[in-house]
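Visitor: Supplied in structure tokens, the structure appears directly below.
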Ligand SMILES: [Mn+2]
């Protein structure tokens, strides 16, 4: 018995960008990749551990792409078994988008709003499944105490939750609490990077999201797990996805030269799609921002040559500026406060100062501290004077 395990496909998302049709398309394409792997590997079923959709009320476009891929899977006779993540639970209506797909015969929902235990018949035999959907940690902790083990020789746990073992600031539960060792395989979702461990010989796997949703989730490869339950010893191998888009980061860029060198090292465009480039600036050597303008012009050139899809320049501390959107006719994203302020003053340091003051709101003491700090900073005072002189 072979299973393909994925999670966090977030169909409909265009993160980390806002309103990018090309980026949204990436999520559909990589999901199609998953479906093709499932068919090629002739798996018995695809396990999806939640966050199938990005929005609990997907657009018709998102349904269209999801169903187009899922149809191929159902024509190949391969069921997709899914548990709900937090993104698959509807806020207003009681109908989850996963229920829509189930009604259309495209998926089988293993658990939506409470844990469920069942035995499903697959092509090469029976598979017992205990399934835990997303819920807040206190709820999950209660659930797992009562979770019923499936009565089948091969049994798996499917869940959308964060394990304590990940070492993150927040978690739902731990492997001992889940009694993970009593299953043949533990299929997890919610964590967007690949993470593998084992307990008493039982593989415990987060395959990671199929796309990086932000720069911290970036990696050079993305995966689906192929789980072989035919033998006594369960084995896991990895299918690498080929149609995802990389996010790349260059840090501590202090000058135009730093930027060009950094990008050269990346060897763009390289294999795969043109990546999304993040440039994190350090202390700029040129205080007048001339270098910054040169950097942006040069980065715009990379976008025009399709060496990158787009870029983000992150100014020290506060300001995150988005590169050009590749489809200008699309609705412009609402500009951020950071962006507007930076556009007006054209100086990262002054922009940061203004934003700190605005963000302090009614906190008079905080404003007083900022003003005192500013007065003590001669360079910054000089900049402000020049700025006021210009306007
Ligand atoms: Mn997710």
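The values are calculated or read from the model by the stated rules, or taken from the named source; none is laboratory data. Computed from a predicted model, the values in this text were never measured in an experiment. Ideal geometry is used to build each Cβ from the backbone, glycine not excepted, and the neighbour counts take in all protein chains shown.
Visitor: Can you name the residue in the stretch 347-370 that is closer than 24 Å to residue 282 by Cα and free of Cβ contacts under 8 Å to residues at least 24 places away in the same chain and is also surrounded by the most Cβ atoms within 10 Å (Cβ to Cβ) among such residues? Please lay out each step first, then the result.
Guide: Applying the first criterion (closer than 24 Å to residue 282 by Cα) to the stretch 347-370 yields 347-359, 370.
Remaining after also requiring free of Cβ contacts under 8 Å to residues at least 24 places away in the same chain: 354, 357-359, 370.
Details: 354: 19, 357: 14, 358: 11, 359: 12, 370: 17.
Taking the candidates together, the pick is 354.
Visitor: Do we find a residue being outside any loop (DSSP other than H, G, I, E, B), over 26 Å from residue 186 (Cβ atoms) and in contact (Cβ under 8 Å) with a residue 24 or more places away in the chain anywhere in the stretch 29-52?
Guide: Step one: filter the stretch 29-52 for residues outside any loop (DSSP other than H, G, I, E, B), giving 29-40, 45-48.
With over 26 Å from residue 186 (Cβ atoms) added as a condition, the list becomes 29, 32.
Now restrict to residues that are in contact (Cβ under 8 Å) with a residue 24 or more places away in the chain: 29, 32.
Yes: the stretch 29-52 contains one or more residues that are outside any loop (DSSP other than H, G, I, E, B), over 26 Å from residue 186 (Cβ atoms) and in contact (Cβ under 8 Å) with a residue 24 or more places away in the chain.
Visitor: Within the bounds of the stretch 251-263, is there any residue that is within 27 Å of residue 20 (Cβ to Cβ) and within 16 Å of the ligand (Cβ to nearest atom)?
Guide: no
Visitor: Within the stretch 218-225, identify whether any single residue is in contact with a helix residue (DSSP H, G or I) (Cβ under 9 Å, 6 or more places away or on another chain) and at negative phi, and answer yes or no. Working first, answer last.
Guide: Taking the stretch 218-225 as the starting set, the residues that turn out to be in contact with a helix residue (DSSP H, G or I) (Cβ under 9 Å, 6 or more places away or on another chain) are 222, 224.
Among the residues that remain, those that are also at negative phi are: 222, 224.
Yes - at least one qualifying residue is present in the stretch 218-225.
Visitor: In the set 248, 260, which member is touching a strand residue (DSSP E or B) at 6+ places or on another chain (Cβ under 7 Å) and more than 30 Å from residue 180 (Cα to Cα)?
Guide: Going through 248, 260 in turn, just one is touching a strand residue (DSSP E or B) at 6+ places or on another chain (Cβ under 7 Å) and more than 30 Å from residue 180 (Cα to Cα): 248.
Visitor: Return the only residue of 210, 216 being modelled with pLDDT of 95 or more, assigned by TED's automatic domain parsing to the domain that holds residue 197 and closer than 26 Å to residue 29 by Cα.
Guide: Working: 216 fails: modelled with pLDDT of 95 or more.
Criteria check complete, one pass: 210.
Visitor: Looking at 47, 2, which one is surrounded by 20 or more Cβ atoms within 10 Å (Cβ to Cβ), more than 30 Å from residue 249 (Cα to Cα) and either at pLDDT 95 or above or more than 16 Å from the ligand (Cβ to nearest atom) (or both)? Please lay out each step first, then the result.
Guide: Working: 2 fails: surrounded by 20 or more Cβ atoms within 10 Å (Cβ to Cβ).
Of the residues listed, the single one that is surrounded by 20 or more Cβ atoms within 10 Å (Cβ to Cβ), more than 30 Å from residue 249 (Cα to Cα) and either at pLDDT 95 or above or more than 16 Å from the ligand (Cβ to nearest atom) (or both) is 47.
Visitor: Out of everything in the stretch 141-170 that is within 24 Å of residue 53 (Cβ to Cβ), at pLDDT 95 or above and in contact with a helix residue (DSSP H, G or I) (Cβ under 9 Å, 6 or more places away or on another chain), what residue ends up being nearest to the ligand (Cβ to nearest atom)?
Guide: Within the stretch 141-170, the match that is nearest to the ligand (Cβ to nearest atom) is 160.
Visitor: Let me ask something else. Can you name the number of the only condition in (1) away from the ligand (no atom under 16 Å from the Cβ); (2) at pLDDT 95 or above that residue 52 fails?
Guide: Unmet condition: (1).
Visitor: Checking residue 57 against (1) within 23 Å of residue 22 (Cβ to Cβ); (2) at pLDDT 95 or above; (3) more than 15 Å from the ligand (Cβ to nearest atom), which single condition isn't satisfied?
Guide: Just one mismatch for residue 57, condition (2).
Visitor: Please count how many residues of the stretch 69-88 are in contact (Cβ under 8 Å) with a residue 24 or more places away in the chain and away from the ligand (no atom under 15 Å from the Cβ).
Guide: Start the filter on the stretch 69-88 by keeping residues that are in contact (Cβ under 8 Å) with a residue 24 or more places away in the chain, which leaves 69-74, 76-88.
Then keep just the ones that are away from the ligand (no atom under 15 Å from the Cβ); that gives 69-74, 76-81.
Adding up the residues that qualify gives 12.
Visitor: When you go through 153, 165 one by one, which is the residue that is farther than 23 Å from residue 8 by Cα and touching a strand residue (DSSP E or B) at 6+ places or on another chain (Cβ under 8 Å)? Step through it out loud before you land on a result.
Guide: Numbers: 165 fails: farther than 23 Å from residue 8 by Cα.
None of the others qualify; the one that does is 153.
Visitor: So, one more: Mind counting the residues in the stretch 228-250 that are under 29 Å from residue 21 (Cβ atoms) and either exposed (fewer than 14 other Cβ atoms within 10 Å of the Cβ) or without any contact (Cβ under 8 Å) to a residue 24 or more places away in the chain (or both)? Lay out the reasoning, then the answer.
Guide: The first filter runs over the stretch 228-250 and keeps only residues under 29 Å from residue 21 (Cβ atoms), leaving 239-250.
Now narrow it down to the ones that are either exposed (fewer than 14 other Cβ atoms within 10 Å of the Cβ) or without any contact (Cβ under 8 Å) to a residue 24 or more places away in the chain (or both): 240.
Number satisfying all stated conditions: 1.
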